[in-house]
Amino acid sequence: MNTKQRIKDRREQQERRKRWTILMIVVGAALIVSAGLLLLSNTGETALAESDIVQPDFEQPPLVDGSAAGDPEAPVVIVDYSDFGCSHCGDFALSTGKQLMAEYVASGEVYFEYKSVGGLLGSSATAQAAEAAYCAGDQEAFFPFHDLIYANQATLFVDRNADISASLVTFAELLGLDTGEFSSCLESGKYQSRVAQDEADARAAGVTGTPSFLVNGKLLRGNQPFANFQQIIEAELESAGK
């Protein structure tokens, strides 16, 4: 092989290597872009599979009206300011709250109302959950829906700023709600102003953490045991001559 041929072969090899390098760069860039788009498409959404959802024992309190239960003329009124993403709120709702419903709300001695403060604590996902619970309340299912959220809060609120609407619709399906009506309510933002009003009411009441309670207008902070509520309620009943 003469010198000219060797130079020609070397140049051709260099050109092939250069084309191969460019091809690898293009393919690599395409893969990076595709991965980025896939990640972007999945970011900001949380959707629980039905098989992964914890279903608590659903109990419908007496005389339910939206997010309130009991006799509106009861001598003791308890307003529960809670955040659906708060573990202490969940503990209260699924334990002490049910005792209060069974022993005092059912007897007509306590009127109990739930108000959300999710947005007050800086979480769009918990505010969205509150709107959904109020939408479920349109179908007389606020409290079962509220229980479902609390029973699944550890997985539902992994990203507290995610869009959790898909999971909330699944909750509605599990409860046998009209999902078309429910989805329409949630998508329309029907209860955004109510959630905002809940937050305003919480601020006005001096609420800075959750759960907090107004018992006949007196602020009680934290997940108190049932005995503490019982003591306060009995004192209020005695004052009212009941």
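Where a number appears in this text, it was derived from the coordinates with a stated rule and is not lab data. Bear in mind that the values here come from a model prediction, so they are computed numbers and not experimental data. Quick reminder, even Gly has a Cβ in these numbers, built from the backbone with ideal geometry, and neighbours come from all protein chains shown.
Of I53, I164, the sequence from fewest to most neighbouring Cβ atoms within 10 angstrom is I53, I164. Convert 10 °C to kelvin, take the viscosity as 1.306 mPa s, use the Kirkwood radius over C-alpha pairs of the range 106-181 as Rh, and evaluate the Stokes-Einstein diffusion coefficient in µm²/s, rounded to a whole number. D = 122 µm²/s. Indicate the gyration tensor shape class of the range 178-242 (rounded, prolate or oblate), computed on the Cα atoms with a ≥ b ≥ c the square roots of the eigenvalues: a/c under 1.5 is rounded; otherwise a/b larger than b/c is prolate and the rest oblate. The shape class here is prolate. With the simple model of a label 7 Å out from the Cα in the direction of the Cβ, A49 to T208 spans 4.4 nm. In units of the rule-of-thumb radius 2.2 N^0.38 Å, the range 112-242 shows an alpha carbon radius of gyration of 1.16. Computed from backbone phi with θ = phi - 60° and the Karplus coefficients 6.51, -1.76 and 1.60, the 3J(HN,Hα) list for the range 140-147 is 6, 10, 4, 6, x, 5, 4, 5 Hz; x is used for glycine and proline. Distance between the pseudo-spin-label points of D163 and Q139 (7 Å out from Cα toward the beta carbon): 2.1 nm. Rounded to the nearest 20 debye, the dipole magnitude of the range 50-239 is 660 debye, with +1 charges on Lys and Arg beta carbons, -1 on Asp and Glu beta carbons, and the Cα centre as origin. For the range 52-104, the fraction of C-alpha pairs more than 17 angstrom apart is 42%.
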